[in-house]
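Structure first, commentary second.
The values are calculated or read from the model by the stated rules, or taken from the named source; none is laboratory data. Source: prediction; values computed, not measured. As a convention, Cβ positions derive from the backbone with ideal geometry for all residues, glycine included, and neighbour counts pool all protein chains shown.
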Ligand SMILES: [Zn+2]
């Protein structure tokens, strides 16, 4: 029978370091996907994801099994990305810089889509400031509730709601403007 | 319906909380208002694209790189608050339960020990201490309360009750550590 996350965590806390690879294989795609949505290239996303897993390992004893482990993982990932980006002050990016996608994401299909519609959702997302992008990704991509996002980011529920609404409008504006062939800067 | 209301309904649509009646209203407005129609199409495409999203695996060698870093780390010492509290509560529960037992059965226990030649001397000493103690209380009681030994009885019971309460308290705390494993809210670091 497959071990539950909690059983694995208990064993790691008990000294079985190697078992961490099991958590890695379960959650690396989740972490990498969230990070990739929030930063600009795959190399950066790779480095950040590694740092996030080190953080997860170091803080494993603080995991509270009242939450789903995936929610806790997203919390750590999100906070790590926010801190990282705050340090880097990278919130303003022009659409032009963004149209080059990570190479391993470029399938023939996505190449086609890119030509068809110059700016994809992913590009538009990257142009969004963190305060909008983070809740939007967590809500629409990770399917977290407003309350869970509020818990993760330490913001109030109403603030999160407002930011998701405002973020959607910004996304829509970017996508409409890009269709009209304008270069959009936020 | 005005565009502002239409926008609210589009947000509800995005949240998946729009009612059937609201959807009909929104539809009516969209058929009349070109701006809202275009906006709705973009919003819908955003939603669609999020729904078609698939998780992306990190590049090859990711697991190995992380595991290597973890093995290179100095051993992380996990101080598990829960287990610290659990130990403290178990020790106190056992201690008070044992004290309660000793106190309640002190007479038969001392009697039994008194029969053992190894302990008889010590026990006899203890007996004399108890006897003096009881005598002191009795003599006070005799003065206050003509012969009826309520104070002594209460005193003896009070100790037993206190010990029982302490045992119950710590076993309850112990139980809580299992029931609510670390209910502390994780604030952002
Ligand atoms: Zn309208």
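Close Cβ contacts (under 8 Å, 6 or more residues apart or on different chains) running from residues in the range B:48-74 that are facing another protein chain (nearest Cβ under 7 Å) to residues that are in a loop (DSSP other than H, G, I, E, B) comprise B:49/A:120.
Quick grid of which residues meet (1) over 23 Å from residue B:165 (Cβ atoms); (2) surrounded by 14 or more Cβ atoms within 10 Å (Cβ to Cβ); (3) at pLDDT 70 or above; (4) assigned by TED's automatic domain parsing to the domain that holds residue B:175:
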{"residue": "B:99", "(1), (2), (3), (4)": "no, yes, yes, yes"}
{"residue": "B:105", "(1), (2), (3), (4)": "no, no, yes, yes"}
{"residue": "B:117", "(1), (2), (3), (4)": "yes, no, yes, yes"}
{"residue": "B:124", "(1), (2), (3), (4)": "yes, no, yes, yes"}
{"residue": "B:131", "(1), (2), (3), (4)": "yes, no, no, yes"}
{"residue": "B:144", "(1), (2), (3), (4)": "yes, no, no, yes"}
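Looking only at the range B:6-14, decide whether some residue is more than 30 Å from residue A:11 (Cα to Cα) and facing chain A (nearest Cβ under 8 Å). Yes: the range B:6-14 contains one or more residues that are more than 30 Å from residue A:11 (Cα to Cα) and facing chain A (nearest Cβ under 8 Å).
Does the range B:29-42 contain any residue that is more than 12 Å from the ligand (Cβ to nearest atom), at pLDDT below 95 and either surrounded by 15 or more Cβ atoms within 10 Å (Cβ to Cβ) or more than 14 Å from every other protein chain (Cβ to nearest Cβ) (or both)?
Yes, the range B:29-42 contains a residue that is more than 12 Å from the ligand (Cβ to nearest atom), at pLDDT below 95 and either surrounded by 15 or more Cβ atoms within 10 Å (Cβ to Cβ) or more than 14 Å from every other protein chain (Cβ to nearest Cβ) (or both).
Number of residues in the range A:47-69 that are assigned to a helix (DSSP H, G or I), touching a helix residue (DSSP H, G or I) at 6+ places or on another chain (Cβ under 7 Å) and within 8 Å of another protein chain (Cβ to nearest Cβ) equals 7.
Given the condition under 30 Å from residue A:137 (Cβ atoms), out of contact with any strand residue (DSSP E or B) (no Cβ under 8 Å at 6 or more places or on another chain) and away from the ligand (no atom under 16 Å from the Cβ), answer yes or no: does some residue in the range B:73-86 qualify? Checking the range B:73-86: at least one residue is under 30 Å from residue A:137 (Cβ atoms), out of contact with any strand residue (DSSP E or B) (no Cβ under 8 Å at 6 or more places or on another chain) and away from the ligand (no atom under 16 Å from the Cβ). Within the range B:6-26, the set of residues being surrounded by fewer than 13 Cβ atoms within 10 Å (Cβ to Cβ) and within 12 Å of the ligand (Cβ to nearest atom) is empty. Report whether or not residue A:174 is in contact (Cβ under 8 Å) with a residue 60 or more places away in the chain and within 10 Å of chain B (Cβ to nearest Cβ). Answer is yes for this residue. Whether any residue in the range A:98-119 is at pLDDT below 90, outside any helix (DSSP H, G or I), within 10 Å of chain B (Cβ to nearest Cβ) and buried (at least 17 other Cβ atoms within 10 Å of the Cβ) is what I want to check. Taking every residue of the range A:98-119 in turn, at least one turns out to be at pLDDT below 90, outside any helix (DSSP H, G or I), within 10 Å of chain B (Cβ to nearest Cβ) and buried (at least 17 other Cβ atoms within 10 Å of the Cβ). Residues in the range B:49-66: is at least one surrounded by 13 or more Cβ atoms within 10 Å (Cβ to Cβ) and within 16 Å of the ligand (Cβ to nearest atom)? For the range B:49-66, residues surrounded by 13 or more Cβ atoms within 10 Å (Cβ to Cβ) and within 16 Å of the ligand (Cβ to nearest atom): absent.
Scan the range A:1-11 and tell me whether some residue there is on the phi < 0 side of the Ramachandran plot, crowded, with 17+ Cβ neighbours inside 10 Å and within 22 Å of the chain's Cα centre (by Cα). Yes, because at least one residue in the range A:1-11 is on the phi < 0 side of the Ramachandran plot, crowded, with 17+ Cβ neighbours inside 10 Å and within 22 Å of the chain's Cα centre (by Cα).
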